[in-house]
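K.L.:
Could you have a look at this structure, given as structure tokens, before my questions?
Readers should treat all values here as calculations from the given coordinates under stated rules, not as data from a laboratory. Everything numeric here is computed off the predicted structure, so don't read it as measured data. All Cβ positions, even for glycine, are placed from backbone atoms using ideal geometry, and neighbour counts span all protein chains on display.
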Amino acid sequence: AETACKNRPLDLVFIIDSSRSVRPEEFEKVKIFLSKMIDTLDVGKRTTRVAVMNYASTVKVEFPLRTYFDKASMKEAISHIEPLSAGTMTGLAIQTAMDKVFTEEMGTRPATFNIPKVVIVVTDGRPQDQVQDVAASARTAGIEIYAVGVDRADMQSLRIMASEPLDEHVFYVETYGVIEKLTSKFRETFCVANVCALGTHDCEQVCVSDGGSYLCDCYEGYALNPDKRTCSAVDMCAPGRHECDQICVSNNGSYDCECYEGYTLNPDKKTCSAMDMCAPGRHDCAQVCLSNDGSYSCDCFEGYTLNPDEKTCSAVDMCAPGRHDCEQVCVRDDLFYTCDCYQGYTLNPDKKTCSRAITSRLVTTEESCKCEAIAALQDSVTSRLEALSTK
């Protein structure tokens, strides 16, 4: 019977009174009641979600519907709740539940899921604010309210805030010491024939009880097929389905993000940043690496030229035609060059052009005497020729 009868899926919010009239040891009893209630529930992300609110003159959301999906975590959080020890603003608490807890942002499932919204209010006193209108608004919004009164609780106030029929939504116990007895009543109240537990369903992946019937659902990353029973993996990398900055890699109903070459994945696992491809060890350029938005190209120092492999460099012939500005002779010197001139020319101060050399030499004494003898002989010969010509 226990496996065939589980609570129907709920978005369930406990609102507990911790005003000054609730003594510390009594408040501990309330916390035990909450833990016992959670033990009776079919807790989970797709089944019953639970939130706990604590109120007095102020309201504190101890944890919303989206925080915990396992019993152990919920019970651990409940064990740390401290009383607020002030007034009894029950209307404010219900209003806060509507405004800040029963929202999709805080974990309430969309209306299309048809998951009942349920509030269980536990109080031992009379509300110090106007609870009637707030409770009516909550019920109109589709919230089912159970009112649990303890000891000095005002029965009229409980009936004002609870949903109809009142005999099924209003509970009373004489002391906090026996409040745990209500867990069996709530278990019966929330119990439905669990077709999913009975194993008579034909859902391929997830069975969700729906009253005395059931609905099929799929794991995250899968979509229900038109037959409403089987599931197919969705393309998580389809446009609009993922949050990857550059590359989405589909992974069996889920996805991972990657980056283009030259980019690296940021810690958020979604966006990418350009890497410095010219950082040591990232490139294979022999001389100069030029970074270019996630990529790079190679270059060479002056006097070298890039080889066809676009990585290594070779020294260029600086004396090749068109590479130097020497007028006559280019003399290669490793990666540089100097200019020189042909024989009979001298290099100008600009170290590039050349001018014809002016040759001069000293005449020795011996050479001078020879010159004088030759000149005297020439004069003698000339005189004899002139004498002969006059005869």
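K.L.:
With both partners inside the chain, how many of the DSSP beta bridges are antiparallel, as a percent to the nearest 5?
P.N.:
Among the beta bridges of the chain, antiparallel pairing accounts for roughly 60 percent.
K.L.:
Pick out, from THR103, ALA77, VAL52, the residue whose Cα sits farthest towards the positive end of the charge dipole of segment 9-132, with +1 on the Cβ of Lys and Arg and -1 on the Cβ of Asp and Glu.
P.N.:
Final value for the positive-end residue is THR103.
K.L.:
Near LYS270, which aspartates and glutamates are there with a Cα under 16 Å away, not counting those fewer than 8 places off in the same chain?
P.N.:
Hits, sequence-local ones excluded: GLU243, ASP245, ASP256, GLU258, GLU261.
K.L.:
What number comes out for the charge environment of GLU168, summing +1 per Lys or Arg and -1 per Asp or Glu over other residues with Cβ under 13 Å away?
P.N.:
Charge balance near GLU168 sits at -2.
K.L.:
Report the rotationally averaged projected area of segment 130-255 based on its alpha-carbon convex hull, in square nanometres.
P.N.:
13.2
K.L.:
State, to one decimal in nm, how far the label point of SER213 lies from the label point of ILE358, with both points 7 Å from Cα in the Cβ direction.
P.N.:
So the label points at SER213 and ILE358 sit 12.2 nm apart.
K.L.:
Report, to one decimal in Å, the Kirkwood hydrodynamic radius for the chain based on all distinct Cα pairs.
P.N.:
30.0
K.L.:
Let me ask another. Starting from segment 98-204, pick out the trypsin sites (Lys or Arg not before Pro) whose DSSP state is loop and whose Cβ has at most 16 other Cβ atoms within 10 Å.
P.N.:
ARG152
K.L.:
Straight distance only, please: which aspartates and glutamates reach the Cα of LYS370 with their own Cα at less than 15 Å, same-chain residues fewer than 8 apart left out?
P.N.:
By straight Cα distance, LYS370 reaches ASP379.
K.L.:
Report P(r) for segment 276-316: all Cα-Cα distances, bin width 10 Å, range 0 to the bin holding the largest distance, values in whole percent.
P.N.:
Pair shares across the bins are 35, 50, 15, 0.
K.L.:
Hey, another quick one. In the structure shown, do any of LYS45/LYS117; LYS228/LYS269; LYS29/LYS71; LYS100/LYS228; LYS60/LYS117 have a Cα-Cα gap over 26 Å, and if so which?
P.N.:
Among LYS45/LYS117; LYS228/LYS269; LYS29/LYS71; LYS100/LYS228; LYS60/LYS117, the Cα-Cα distance tops 26 Å for LYS228/LYS269; LYS100/LYS228.
K.L.:
Given a 10 angstrom Cα cut-off, can you work out which residue in GLU168, GLU220, GLU372 is the most mobile in a GNM of the chain?
P.N.:
It is GLU372.
K.L.:
In whole Å, how far is the Cα centre of segment 116-136 from that of segment 158-194?
P.N.:
Each part's Cα centre sits 14 Å from the other's.
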